[in-house]
Amino acid sequence: MIRFILADLRRLWAGAVVVVLLVALAVALGVTVTLQERALRLGSARAADKFDLVIGAAGSETQLVLSSIFLQPSPLPLMSGEVLAKLSKDKRVTWVAPVGFGDSFAGYPLVGTTRALISSTVSGFSEGRMFDKEGEAVVGAAVKLPVGAEIKPMHGTAQIGGETHAGVVYHVAGRLQPTGTPWDRAILVPIQAVWHVHGLGHKEHDQEESGHTASTPAVVPAPLPAGHYHGDGHDHGPSPLLGNREVHTADNGHGHAHEASGSAPDAAHAAEDHDEHDHHGSIDADAAIDEDFTATAPGLPAVLVKPKTIADAYKLRQEYRSGNTLAVFPGEVLTNLYATMGDAKLVLSAVAAGSQGLVAAALVLVTVTHIGQRRRQIGALRAFGAPRLSVFAIVWLELFLLVAIGIGLGFLIGLVAAQMIAEVFTTQSGIVLPVGFAREDIRSALLLLGASAMLASVPALLAYRQSPAAALRA
Amino acid sequence: MLALVIERLAVSFAGLSSPVLAIDHLTIAAGERIAITGGSGSGKSTFINIATGLEKATSGKVFWNGADIANLSESRRDRWRAEHVGLVMQDFHLFPGLSAVENVLLPARLARVADAALVARAHELLKIVGLSRPEQKIETMSRGEMQRVAIARALLRKPGVLVADEPTASLDADAGENVGRLLIDMADEAGSTLIVVSHDHRLIGRLDRRITLAAGRIAADSAVEGVAA
């Protein structure tokens, strides 16, 4: 019987190929939508899962997460630097790190942050080392810059016509291991450098902790793309870098000597200084990094917080959700986004299902016509003594075989297409999308096979019911 | 070897006032060699369909060796036909893409009865009908060769009755002569009753008895003169 079917298919190979391709493409469409949506969901969730709590100025939750976790460039309102200082001292916090954005280089976003954040969220360096001077940078795994390369940041991005910051140069000190998140495409520099470039936070040592807000949102240059942190979801002990005064003992010889946070304030001087430097900042490449944040730290778009316990996380979120700040769990915000994405997926799935339905209808039409043309052959088979069930099986198997091959091929094409889309997406965003089949795909494959089994039985039943005498007369 | 007895048979189609075939009584003895003739629309094809169980009689009885096939269900008639009837048709109804021997074995294989003995018999039959290349693809054969493959197929399961519907009509004279002789010889050899619908006088001349149908009734039933001419 198989040989007879194969001989038949060989004879009608062109039609068979068309049927297989038609089915394959319709199936591939649905498979791609499913795989891509799942990959996007998993990939973005993984990108966010190292960041337990994000705190920013009051505004859009979604924007806060997109900017800080996914490094989407867009202006975020700033919140007072006081928040950072307060959180640094909070006993419920394992580590807290500011993120500052706004600059880019060669298409890669520059993110100002702290060593605490980098060491807590990335597994290590594949090359080089952590930055320890203001003029050093650490690049993500996907940034195509060698260790030692010069980075001349541009304000904003090239696409929106940003200007290069004159005289500001970072040197790449190290390259991080891949994380599969947008941070792989980021250039990480000390937050203090970002502040200095934008004329903020100079001479912190001149300011007193109490009551001086170094800058207001208005002072800070506009587009501050979001920054993002890699949280690993584990509880870390307090970072040695936070509140560590040793790191900034050296006098940098440029009058920016850093001292422990208690240095004598000169409020008037500080304010003056800020005005002067607005937008005309430069960095002192050799300055030591001060990661001991005081209340006089400049305004920030976001800080990333690693609470000690889940209870602490909820308490902190509650506390920082009022007034001028907004605290969110990225996972929660993503869940809302997924709901929206789910709607889009529903539409796409409906389109895919529609196309599958159309193909199914076309197939029924084609095969019923085909059975009409084969009436004599089928009649002859019966006349020569082939049992009716054999006739049914031949017609059924022939069509089912084609559709099943098409479905198999469709899953393959869908997988390859989803992988290709994911690769493009990863190149653009840094988010690694885990494309792969899951258990529920087996179910949908079985569902499709079941549907095609029923579909194939339509012409098979027609052939089964055909009177051989009438068929031969035709 | 099968004998046929038909009693009060009537076959009508919806929309036709008179039956397309009406036979009060007909007996064909086992091993007899019968020619059926008649113009188009005389009921020849219907007679073949009824006799082989391809069609169900509207009324009446069709006994083959005493068993009434008119009462059987479609599936059982199929099975009965597969076991007892060898069919040879004007258009051969061979299946392209398959070899000669695969064509001979196809119905038996579909009925799941093709064992080693039957496969050996298929090869032997092809040799007997004069085909030396059993693996030759059917579409590369001449029409005469194709009809010989069809005869081998019809005889594979040693049917009690061999029914041929215009077996020589689509062949040239030489091939037709050849096929006609093969039919008779092989029916003899297999011990099958032979029923041939034909207009081919040379073929009819070799048979024992000639039944002429007209308008669905038996118009003449006589021994063929000059047997074995």
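Structural remarks
- Subset of segment A:389-400 (residues that are open to solvent by 40 Å² or more (accessible area, probe 1.4 Å) and either touching a helix residue (DSSP H, G or I) at 6+ places or on another chain (Cβ under 7 Å) or at positive phi (or both)): A:Phe392, A:Trp396, A:Leu397, A:Phe400
- Here A:Ile413, A:Ile442, A:Ile378 are screened, and the one residue that is among the β-branched types (Val, Ile, Thr), farther than 30 Å from A:Gln177 by Cβ and surrounded by fewer than 17 Cβ atoms within 10 Å (Cβ to Cβ) is A:Ile442.
- Residue within segment B:147-157 that is within 13 Å of chain A (Cβ to nearest Cβ) and open to solvent by 30 Å² or more (accessible area, probe 1.4 Å) present: yes
- With respect to (1) over 30 Å from A:Thr367 (Cα atoms); (2) open to solvent by 30 Å² or more (accessible area, probe 1.4 Å), the lone exception for A:Leu22 is condition (1).
- Selection count where residues are at pLDDT 90 or above and over 20 Å from A:Ala383 (Cβ atoms), scope segment B:30-41: 7
- Residue check for A:Ala453: under 30 Å from B:Val88 (Cβ atoms), assigned to a helix (DSSP H, G or I) and either open to solvent by less than 70 Å² (accessible area, probe 1.4 Å) or of a type in the set (Asp, Glu) (or both): no
- Condition check for A:Thr34 on (1) more than 12 Å from A:Pro301 (Cβ to Cβ); (2) open to solvent by 10 Å² or more (accessible area, probe 1.4 Å); (3) polar (S, T, N, Q); (4) in the same structural domain as A:Ile191 (by TED's automatic domain parsing): one failure, at (4).
- Residues in segment B:61-117 that are over 30 Å from B:Glu145 (Cβ atoms) and of a type in the set (Gly, Ala, Ser): B:Gly66, B:Ala67, B:Ala70, B:Ser73, B:Ser75.
- Residues located in segment B:103-131, provided they are in contact (Cβ under 8 Å) with a residue 24 or more places away in the chain, surrounded by 20 or more Cβ atoms within 10 Å (Cβ to Cβ) and within 9 Å of chain A (Cβ to nearest Cβ): B:Leu106, B:Pro107, B:Ala108
- For B:Ala35, the conditions (1) of a type in the set (Gly, Ala, Ser); (2) in contact with a strand residue (DSSP E or B) (Cβ under 6 Å, 6 or more places away or on another chain); (3) within 13 Å of chain A (Cβ to nearest Cβ) all hold with the exception of (3).
- Complete set of residues in segment B:80-91 that are at the interface with chain A (Cβ under 9 Å from one of its Cβ atoms) and assigned to a loop (DSSP other than H, G, I, E, B): B:Asp91
- Helices (runs of 4 or more DSSP H) fully within segment A:1-69 counting 1 or more residues that are at pLDDT 85 or above and more than 14 Å from chain B (Cβ to nearest Cβ): A:13-48, A:61-68
- Given (1) among the aliphatic types (A, V, I, L, M); (2) in contact with a helix residue (DSSP H, G or I) (Cβ under 9 Å, 6 or more places away or on another chain); (3) open to solvent by less than 40 Å² (accessible area, probe 1.4 Å), index of the condition A:Ala142 fails: (3)
- Elements of the type helices (runs of 4 or more DSSP H) sitting completely within segment B:142-229 and holding at least 3 residues that are at negative phi and small (Gly, Ala, Ser): these cover B:143-155, B:173-190.
The values are calculated or read from the model by the stated rules, or taken from the named source; none is laboratory data. What you see is a predicted model, and the numbers here were worked out from it, not measured in a lab. No Cβ is skipped: glycine too gets one built from the backbone with ideal geometry, and neighbour counts run over all protein chains shown. Note: accessible area is taken over every heavy atom of the protein model, side chains too, but ligands, DNA and RNA are not part of it. Shrake-Rupley method; radii C 1.70, N 1.55, O 1.52, S 1.80 Å.
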